[in-house]
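Following: one structure in structure tokens, then a few remarks.
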Amino acid sequence: MARLIHIATEMRTFKTWTASSALSLFVLSTLATVAAAATPAPPKTPEEIKQFVKTNCYDCHQGAASEGGLDFEQLSFDLQDHAVQDRWVRIFDRVESDEMPPTEYGETDGDQKEKFLAATRLHLRRMQIEQQEKLGRVQARRLTRLQVERSLQDLLGIDIPLTDYLPEESRSFGFTTVADGQSMSHFQLDAHLRTVDTALDEALRRALSAEDVYERDFDAQGVSRTNPKRRCREPEMREGKAVIWSSGLIYYGRIPATTANHDGWYHFEVTVSGLKLPKTGGVWSTVRTGLCVSTAPLLQDVTTFEAMEEPKTIAFDAWLPKGHMLEIRPGDDSLKKGRFEGGQVGVGEGEPQGLAGIAFDRITMKRIHQNGDDAHVRQLLFGDLSVVPHKDKRQPYQVVTKSPREDAARLMRAFANRTFRRPTTSDEIAPYVAGVQAAIDGGDDFVASLRMGYRALLCSPRFLYFSEVPGPLDDHAIATRLSYLLTNSTPDEQLRQLADAGKLHNKQTLQTEAARLLSGDEGRQFIHDFAGEWLDLDQINFTTPDRKLYPAFDTVVQQSMLYETETFLETMLNENLSVDKLVDADFTYLNSRLARFYKIDGIEGDELRRVTLAPETHRGGLITQGAILKVTANGSNTSPVLRGVWMMEKILGEAVPPPPTNVPAVEPDIRGATTIREQLAKHRSQGDCASCHAKIDPPGFALENFDPAGQWRSNYISIAGTKKKVGPVIDAGYQMADGTEFKDVEGFQALTVSKPRKLAACVAEKLLVYGTGAPIAFVDRDAVEAIVDESAAENYGLRSIVQAVVASPVFLCK
């Protein structure tokens, strides 16, 4: 570009100087020739492609009036331009799938089509391979806020939450891990610095102080209000128990005795029973935490339980910032709610109203650490150096070192190896060590100097960014990629040792490590992290179903839905069940509250248990579970388009292009005057819409019998004034894009599970995008097919797909 600007300037100058001279023509002609030579001619469209397009596409895609804005006369074949490249990939896909040219325009010459596909495939692959060899599949990729939190916790042995210190992440291709969607601004850097400081302060506090033991044991009197004559929102004493009645009063059920004196994790054991149990079973209740005052309305969900007549003890862990307390109360919104004047509850005011309630016998509270004790923190920070009480009792503990400079250099080297996720040389960390030693030489405290060095390492790009170079990954990069895929944290000691020994290029060793990292609680955490973004489960609080339309939905139901889906996926992983279970299965996991919500009889207790589903439940597979049905609706109504797009992108693995800007969105008619089917039929009549809706609408309509809260319905429901109005009967039948018809969700499920390869390919793609930080390129498709082929031997089992993904060349290359 600089050369062209220089040439253009010379042309203007010569034209001014010699405008009347015959020499000017020669000069200008020469410079024009040079300029033309400096500008590469646009790549010519290969003849096989050009001929196919002229024969089959020009009728609709030529000139200013081209359909869909695709004008082949103007479309470049410069595949170095990623936008042009993406356009040709979409063209290839639509021709290969026989979407284009439309069948109504006649049959396409088979030989000409194959030549077009072969030529397009060749040029797309060649260009993408060339680009990946130069730059890699993924650009510079940093840790997400969750990965920063987990990494700092594991590096320092702490357990305090840190994500709130960091900005929210944007998503690209469905995941926060994708490099193209990640930003780095001065605001992000400042937030990272503050997060590192907070983490180091906590680690040093624990390492240099006595064990912070905190244990409390409250009987019923200790749980209840201190002044029985005062009207308030704490439990009241009744027959030797501390009681809370069913009510909609905010913070009724707060327990000031559990107020935390210090930020921390606390283990609770609560002995509780139910009072005046409803006919439906026990009293379903919620445990939440917060300040429980009107100026701080937000509460954090902890767990739910069902209180029965016989007392039982429930155990749970909760993070409590200083000043926060527990709120435990009946949470089943189908229970009768008590009415109390003035926003407060007096002793004896609830029982005459015939309310259900819960009664506490005892609560124990103990401060805990979830990521190792204080000795573990000391070892991570100070290695084998002794930490002893300071001679001055007013000072915290002190680190004993006879050779501060040498000990600092040794500790910095060890910390850098873990922080940078690979061995470091003395030269590489010399600047960091020099800074620490200079501070020590200047008279600064050993710990303060070391903290400065650790801070510098944790703020280095080598911590914040993945260290990868184009081409095959080395063993340490493999260890890092595997660990962050499965645990969202830095490699543990065993992975680092295998990387040091160069053993992670061995497929069996790599897959054995993947199995280890997916065992027990780690596997459960992987499902929670991955499914949260893949299936949008982390968006479940984004909407709340309209209480007038869906009164049976409450917090207990929502939490149970999440547990159902995560436990279902965990079972698929542990038992290596086929991915067709995502669409159809004969079992799920229910407790009594969720079973009642689904209108399934015979389920008792608050523990999730595996339940065989009868056909009349209309349930089966992940796509019919309440959590999925809720996140794919807006709380008031359903849209086959929204659910259809979700199904296409999350389960069936087909990207849906954005709608044309000149076409208005289809909004359900909340009056019930017209059905969504009638509205979409009109919408599809617009030429630019039909081809996409032929794919989107079938899965969307298949789920139309499920309302925004996840319950089965036969008719549309709307609100007329203050009353519910029963609308038209729901027709969930439709026609698939290939012309195959189905009558209901069961018919759709049968058609979809008959093609398990498609489902397996989608899961493989999602794992690769999530784990590598880059979308699936055209050239990556063969690797995805190889993963599917490998998992086919195990009936496309979920664990088999994960194991094949971590050993695939796409996963093992930048």
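Can you find a residue that is in a loop (DSSP other than H, G, I, E, B), at pLDDT below 95 and under 36 Å from the mean Cα position of the chain (by Cα) anywhere in region 222-240? Taking every residue of region 222-240 in turn, none turns out to be in a loop (DSSP other than H, G, I, E, B), at pLDDT below 95 and under 36 Å from the mean Cα position of the chain (by Cα). The set of residues in region 73-85 being closer than 21 Å to C60 by Cα and either touching a Pro at 6+ places or on another chain (Cβ under 9 Å) or surrounded by fewer than 14 Cβ atoms within 10 Å (Cβ to Cβ) (or both) consists of E73, Q74, S76, F77.
I'd like to know if region 229-246 contains one or more residues that are more than 21 Å from G354 (Cα to Cα), β-branched (V, I, T) and not assigned by TED's automatic domain parsing to the domain that holds L562. Scanning region 229-246 turns up no residue that is more than 21 Å from G354 (Cα to Cα), β-branched (V, I, T) and not assigned by TED's automatic domain parsing to the domain that holds L562. Taking the conditions (1) modelled with pLDDT of 95 or more; (2) aliphatic (A, V, I, L, M); (3) in contact with a His (Cβ under 8 Å, 6 or more places away or on another chain) in turn, V666 satisfies each one other than (1).
When S489 is tested against the conditions (1) surrounded by fewer than 16 Cβ atoms within 10 Å (Cβ to Cβ); (2) more than 17 Å from E570 (Cα to Cα); (3) out of contact with any strand residue (DSSP E or B) (no Cβ under 6 Å at 6 or more places or on another chain), the lone failure is (1). Condition check: touching a residue at least 40 places away in the same chain (Cβ under 8 Å) and of a type in the set (K, R). Does K229 satisfy that? Yes.
Which is at pLDDT 75 or above, touching a strand residue (DSSP E or B) at 6+ places or on another chain (Cβ under 9 Å) and either farther than 28 Å from L70 by Cα or not assigned by TED's automatic domain parsing to the domain that holds I628 (or both), of A694, A702, A709?
A702
Of all residues in region 456-466, exactly one satisfies the criterion of being closer than 16 Å to P423 by Cβ and surrounded by fewer than 16 Cβ atoms within 10 Å (Cβ to Cβ), namely S460.
Within region 170-186, is even one residue acidic (D, E), at pLDDT 95 or above and more than 30 Å from E351 (Cβ to Cβ)? Within region 170-186, none of the residues are acidic (D, E), at pLDDT 95 or above and more than 30 Å from E351 (Cβ to Cβ). Per the listing A307, A296, the residue uniquely among the aliphatic types (A, V, I, L, M) and either buried (at least 18 other Cβ atoms within 10 Å of the Cβ) or at pLDDT 95 or above (or both) is A307.
Scanning region 376-425 for residues that are outside any loop (DSSP other than H, G, I, E, B), polar (S, T, N, Q) and either over 14 Å from L155 (Cβ atoms) or at pLDDT below 95 (or both) yields S386, Q398.
Quick check: is even one residue across region 267-275 more than 33 Å from the chain's Cα centre (by Cα), surrounded by fewer than 19 Cβ atoms within 10 Å (Cβ to Cβ) and in contact (Cβ under 8 Å) with a residue 12 or more places away in the chain?
yes
Within region 225-245, the residues that satisfy the criterion of being touching a helix residue (DSSP H, G or I) at 6+ places or on another chain (Cβ under 9 Å) and either closer than 26 Å to G372 by Cβ or not charged (D, E, K, R) (or both) are T226, P235, M237, G240, A242, V243, W245. Residues in region 595-630 that are surrounded by fewer than 24 Cβ atoms within 10 Å (Cβ to Cβ) and among the β-branched types (V, I, T) were compared, and the one that is nearest to G281 (Cα to Cα) is I603.
Screening region 465-494 for residues that are β-branched (V, I, T) and part of a loop (DSSP other than H, G, I, E, B) and picking the one that is nearest to the chain's Cα centre (by Cα) gives T487. Screening L335 against (1) part of a strand (DSSP E or B); (2) of a type in the set (A, V, I, L, M, F, W, C); (3) buried (at least 19 other Cβ atoms within 10 Å of the Cβ) leaves a single unmet condition, (1). Of the strands (runs of 3 or more DSSP E) entirely within region 270-329, those holding at least 3 residues that are in the same structural domain as I358 (by TED's automatic domain parsing) and within 18 Å of Q558 (Cβ to Cβ) occupy 283-290, 300-307.
For region 733-761, the set of residues classified as of a type in the set (A, V, I, L, M) and over 18 Å from W712 (Cβ atoms) consists of M736, A737, A750, L751, V753, L759, A760, A761, listed by residue number.
Yes/no matrix, rows are residues, columns are (1) part of a helix (DSSP H, G or I); (2) surrounded by fewer than 18 Cβ atoms within 10 Å (Cβ to Cβ):
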residue: R496; (1), (2): yes, no
residue: H505; (1), (2): no, yes
residue: Q508; (1), (2): yes, yes
residue: R516; (1), (2): yes, yes
residue: R524; (1), (2): yes, yes
residue: I527; (1), (2): yes, no
residue: V556; (1), (2): yes, no
residue: K581; (1), (2): yes, no
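The values are calculated or read from the model by the stated rules, or taken from the named source; none is laboratory data. If you're wondering where the values come from, they're calculated on a predicted model, not measured in any experiment. All Cβ positions, even for glycine, are placed from backbone atoms using ideal geometry, and neighbour counts span all protein chains on display.
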